[in-house]
Amino acid sequence: MNTTTKIALVTGATRGIGLETVRQLAAARVHTVLAGRDLGKATEAARKLQAQGLPVEAIQLDTTDDASIAAAAAAIAARHGHLDILVNNAGVLLDNDAKVPSEQTLDAWRKTFDTNLFGVVATTVALLPLLRKSAAGRIVNVSSGLGSLTLHSDPHSSIYSYKIPAYNISKTALNGWTVHLAYELRNTAIKVNAIHPGSVKTEMNTGGSLDLATGAKSSVGMALLDETGPTGGFTHLGEVLPW
Ligand SMILES: NC(=O)c1ccc[n+]([C@@H]2O[C@H](COP(=O)([O-])OP(=O)(O)OC[C@H]3O[C@@H](n4cnc5c(N)ncnc54)[C@H](OP(=O)(O)O)[C@@H]3O)[C@@H](O)[C@H]2O)c1
């Protein structure tokens with residue numbers, strides 16, 4: 001591997017926005033590791049992109065499994081020695097939207113936070129030593145406009161009535177983690193940003209209006225930021241969103 005080649009890793013990349021993020025990064029000639037909790041699915045998805053001439057490889061990574069995270073970090077260290085871009089894309093939505101906030105199960109809350117917050121923290125901490133070896137590390141946390149407390153408190157906001165608390169608040173917490181990690185890394189070459197992909201038509205959001213190409217743009221934009229770009233922010237297609 002040429003050491004000047006940028007290396008990226010995208011979690012939850014077997015389908016949806018994650019898979020398209022891999023495609024766009026690889027099309028920008030970033031060597032991109034397509035991470036999936038099912039190695040078979042990840043390998044198959046990577047094979048299709050490789051067949052288009054794109055620099056993609058697969059890896060097994062379940063962001064809720066410490067052993068899987070450690071093995072993936074060791075594999076990236078052995079294969080590439082460093083990591084330039086980490087896109088924390090894996091996410092779940094487990095609330096029952098037919099129920100009010102106080103009726104969501106504690107099981108749904110716990111499982112949601114396991115993936116959408118603790119999985120991101122664990123994966124990031126494990127890969128941070130490799131990101132520190134990059135000349136320009138970039139961490140992108142795939143959040144959601146639904147995590148915005150400002151919008152949720154505004155009766156005129158389009159999301160005002162969409163109160164699915166486990167999912168929404170897991171993204172609020174992810175935004176908080178983004179601000180805290182960006183502060184810790186403020187004097188390093190690593191930038192940390194949260195993004196909202198938009199309402200994108202995927203398995204998670206069958207009623208989404210945006211296509212995947214548009215849905216991946218916010219992640220890719222923050223992944224490819226130059227040194228003048230922001231850190232510790234929350235944006236959609238480059239526009240700042242309220243916390
Ligand atoms: N779609 C939208 O409108 C929208 C809006 C705002 C934010 N987002 C965020 O965008 C991200 C991608 O969403 P999407 O719409 O593309 O959803 P999706 O089609 O449901 O894809 C989710 C991906 O996450 C993976 N995943 C789930 N749990 C995982 C775990 N523990 N470890 C590793 N991978 C895991 C899934 O893998 P499997 O294939 O193994 O299940 C799948 O590849 C999520 O963080 C979501 O919250 C989406």
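The values are calculated or read from the model by the stated rules, or taken from the named source; none is laboratory data. Owing to the predicted nature of the structure, the values given are computational and were not obtained by experimental measurement. Using ideal geometry, Cβ is built from the backbone for each residue, glycine included, and neighbour counts are taken over all protein chains shown. Remember, those area values only see protein heavy atoms, side chains included, never the ligands or the DNA or RNA. Shrake-Rupley method; radii C 1.70, N 1.55, O 1.52, S 1.80 Å.
Assorted remarks:
- Residue identified as buried (at least 18 other Cβ atoms within 10 Å of the Cβ) and charged (D, E, K, R) among R132, R138: R138
- The set of residues from the stretch 27-41 being buried (at least 24 other Cβ atoms within 10 Å of the Cβ) and either under 14 Å from A75 (Cβ atoms) or not hydroxyl-bearing (S, T, Y) (or both) comprises V33, L34, A35, G36.
- Flag for T11 being modelled with pLDDT under 95 and either closer than 21 Å to G91 by Cα or among the β-branched types (V, I, T) (or both): no
- Applying the set (1) out of contact with any helix residue (DSSP H, G or I) (no Cβ under 8 Å at 6 or more places or on another chain); (2) open to solvent by 50 Å² or more (accessible area, probe 1.4 Å); (3) within 15 Å of the ligand (Cβ to nearest atom) to K6 leaves exactly one unmet item: (3).
- The number of residues in the stretch 52-72 that are outside any helix (DSSP H, G or I) and either open to solvent by less than 20 Å² (accessible area, probe 1.4 Å) or within 13 Å of the ligand (Cβ to nearest atom) (or both) comes to 9.
Yes/no matrix, rows are residues, columns are (1) within 19 Å of I69 (Cβ to Cβ); (2) at pLDDT below 95; (3) assigned to a helix (DSSP H, G or I); (4) over 18 Å from the mean Cα position of the chain (by Cα):
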| position | (1), (2), (3), (4) |
| --- | --- |
| I17 | no, no, yes, no |
| E20 | no, no, yes, no |
| A26 | no, no, yes, no |
| R29 | no, no, no, yes |
| L34 | yes, no, no, no |
| R47 | no, no, yes, yes |
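- The helices (runs of 4 or more DSSP H) found wholly in the stretch 127-243 and carrying at least 2 residues that are more than 11 Å from the ligand (Cβ to nearest atom) and in contact with a helix residue (DSSP H, G or I) (Cβ under 8 Å, 6 or more places away or on another chain) occupy 149-152, 165-184, 217-223.
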